Structure formats: structure tokens, C-alpha cells
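Chemist: Please read through the structure below; I'll follow up with questions.
The values are calculated or read from the model by the stated rules, or taken from the named source; none is laboratory data. Source: prediction; values computed, not measured. Virtual Cβ from ideal backbone geometry, glycine too; neighbours counted across all protein chains shown.
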Amino acid sequence: RAKKDGRNAYRFFTSEMQAQSARALLLENALRRAQERGQLSLHYQPQLALDADGDSRVVGAEALLRWQHPELGWVSPAEFIPIAEASGLILPIGEWVLQEALQQLRRWDDAGLPELSMAVNLSAVQFRHDDLPELVERVLADVGMPAERLELELTEGAAMDNPSVAITVMNELHERGVRLSIDDFGTGYSSLAYLKKFRVSKLKIDQSFVRDLTDDAEDRAIVDAVIRMAGALGLQTLAEGVETDGQLAFLRRQGCQAVQGYLFSRPLTADAFAEFVLAQTAPLSAY
Ligand code: C2E
Ligand code: MG
Ligand code: MG
Ligand code: MG
């Protein structure tokens, strides 16, 4: 009987694994053609600076990749990014994201939006790739966008994966004038000694610390400590996943410089993003 149960358990395990890897294979094959078939797009989430006088204004956008497949529908980046990384597809896709995001920034400039910065997520695979600094330089030149307008977001895990390589790549990007931020800060294993050596200008406080900020004293202590440490190291802080006025009030009080989250806006299409920014900067006399 024990043997029979054991075999059933084994069979269940393998069939679930088979279903998972079948889906992964299906997605990988579909992803291979997604770009040329026009299934990939970018959405943009506003990043807002918190002013001393209690105001906030949009200073940038984070480009977030979207994939809509005709049969599978919208596939979440949480599902397809790891597949793109494992298959190497993240390299051509990541290059497309960089190009598309910077071209969009140019279109917004041409449409009369204020000078915004564009944050683009980088995968560890792209970061480890030899050509990254040259690639970034070339795309900036092609689009005709100053390096200072671009900010690359790298997760803590990707930076700590191989810290000495990270330091070299960060220096090369820094020499070219591109800013770097550490994404999902607090969820990886950053050694504080490395943080000192990393050429980054901003820490993005992970949304998991922001979520329960108003109820959880420990999260408040962590967020407060990160903001103060960043300040002492000359780094900016941006809190991710801000959804409530209570969270915003705490972050503002502790001196967090920037925020991003559903309280202000979900990620938007390029046109909706432009409307969002223009509505905010419209002169009062227009009302
Ligand atoms: P991330 O870079 O940390 O992006 C933030 C994620 O949080 C986004 O999810 C965004 O839609 C979501 N978010 C923003 N505000 C809120 C909020 O107030 N509440 C909640 N609950 N969520 C919020 P998304 O777009 O599904 O992206 C997930 C992850 O996929 C990103 O995390 C990033 O790691 C990765 N990703 C997305 N686009 C790209 C890309 O172009 N390249 C690479 N390498 N990774 C990407
Ligand atoms: Mg990000
Ligand atoms: Mg993040
Ligand atoms: Mg994340």
C-alpha cells in the first residue's frame, strides 16, 4: 500500500512537472516570434519626485514590458522574463526594449512634455553580456538622446551575482553618463561593503516593505533605515508600490525623494502616460 501511494505521488509530481515544462516550452517558442509579430509593447509607469512643499510631480517613467499573445492572452513578465533569460531571448528583446523606450522618450520631447528620465529594467543576463556598455552607447546615439536621460534598473540579485564584474560594468556605464539604480532593494543579499563600491545613484525600496508600512513597525524601521543609509551614502531613494496616502505620508516624512505606485498611476500606454503628465502640468488658468 505504501508502495502504491508512493508511486501515485511520484506520478502526480511528474505530470505536474511535465505540464509546467510543456507550458514553458510553448511560451519559449511563442516568445521567439513575439517581437517580429508585434506582440510586444511597453507600458510606462510615472515616477514622481516628492517636493519639500508637499507637492509631487512626474519626473520620469519606468518602461515595463508587455506581451499579448493571440491565444494565450496577456502573459505576465513574472512568467515570461525568466523564460527569456534562460533561453537567451532576453538579449534581442532587451535591446528592443531599450530602443523603443528611448524612441518614446524622444516622441514625448517632440510632443512638448517636460524633460523626463526613462528607467529601463536590465536582466542579469544582459548585465553580464560583454557588449552592454557599447550597446547602450550605440542605442543612445542612434536615437539621439543624452545618456543622462536614461536610468538602468538592476536588481540587487543581479548586481551581487558577481560583484567584481558588476563594479566594472557599472564603471563603464557611469563613464558614459548613464545612471544606475538598484531595483527591489532589500530583497537580495547586498553586502553594505559593495554598496559603497557600486556606481549607483538610486535605491528602489522594494514594494514588499512598502505594502504594510502603516501597520508594521518593523517595515517602518527598515524603510527608515534604508532612507537614512542611502542619504549618508549620497544615494537617492524611490519607494515602489505606493498605494495609499498613509504610506505616502510616512515616506515623505522620512525624506524619501521619489515614489511610484498605483496611488498615482498604474503602468500606462505611451499616449495615456503623455495625457497623465500634461494634465498635471496644465496651467491653473485652464480650469
Ligand atoms: P519591477 O521592475 O520591480 O517593476 C515593478 C512592478 O510592480 C511592475 O510589475 C509594476 O506594474 C508593479 N507595480 C507598480 N506599482 C505597483 C503598486 O502600487 N502595487 C503593486 N502591487 N504593484 C505595482 P510588472 O510590470 O508585472 O513587472 C514585473 C517585473 O518584471 C518587473 O519588476 C521587472 O523585474 C520585470 N520586467 C518588466 N519589464 C521588464 C523588461 O523590459 N526587462 C526586464 N529584464 N525585466 C522586466
Ligand atoms: Mg524595475
Ligand atoms: Mg522593483
Ligand atoms: Mg520586481
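Chemist: How many of the residues in the range 184-211 are in a loop (DSSP other than H, G, I, E, B), within 16 Å of ligand 1 (Cβ to nearest atom) and of a type in the set (Ser, Thr, Tyr)?
Modeler: The number of residues fulfilling the criteria is 2.
Here's the yes/no breakdown for (1) part of a helix (DSSP H, G or I); (2) touching a residue at least 60 places away in the same chain (Cβ under 8 Å):
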position: Leu113; (1), (2): no, yes
position: Met118; (1), (2): no, no
position: Val136; (1), (2): yes, no
position: Ile182; (1), (2): no, no
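Chemist: For the range 126-174, how many residues are over 25 Å from Leu116 (Cβ atoms), among the β-branched types (Val, Ile, Thr) and in contact with a Gly (Cβ under 9 Å, 6 or more places away or on another chain)?
Modeler: Looking only at that region, the number is 0.
Chemist: Going residue by residue through the range 210-218, is there one that turns out to be closer than 20 Å to Leu64 by Cβ, within 16 Å of ligand 4 (Cβ to nearest atom) and crowded, with 21+ Cβ neighbours inside 10 Å?
Modeler: yes
Chemist: Which residue, of Gly38, Gly88, Gly94, is farther than 18 Å from Glu148 by Cα, touching a helix residue (DSSP H, G or I) at 6+ places or on another chain (Cβ under 6 Å) and at pLDDT 95 or above?
Modeler: One residue alone meets the criteria, Gly94.
Chemist: With (1) farther than 19 Å from Ser117 by Cβ; (2) of a type outside the set (A, V, I, L, M, F, W, C); (3) modelled with pLDDT of 95 or more as the list, and Tyr44 as the residue in question, which single condition is left unmet?
Modeler: (1)
Chemist: Residue check, Phe198 against (1) away from ligand 3 (no atom under 14 Å from the Cβ); (2) buried (at least 18 other Cβ atoms within 10 Å of the Cβ); (3) modelled with pLDDT of 95 or more; (4) within 30 Å of Arg138 (Cα to Cα), all met but one. Which one?
Modeler: (3) is the only condition that Phe198 fails.
Chemist: Given (1) surrounded by 15 or more Cβ atoms within 10 Å (Cβ to Cβ); (2) free of Cβ contacts under 8 Å to residues at least 40 places away in the same chain; (3) β-branched (Val, Ile, Thr), identify the lone condition not met by Val178.
Modeler: (2)
Chemist: If you check Ala230, Ala221, which single one turns out to be part of a helix (DSSP H, G or I), surrounded by fewer than 15 Cβ atoms within 10 Å (Cβ to Cβ) and away from ligand 4 (no atom under 16 Å from the Cβ)?
Modeler: Only one candidate passes the filter, namely Ala221.
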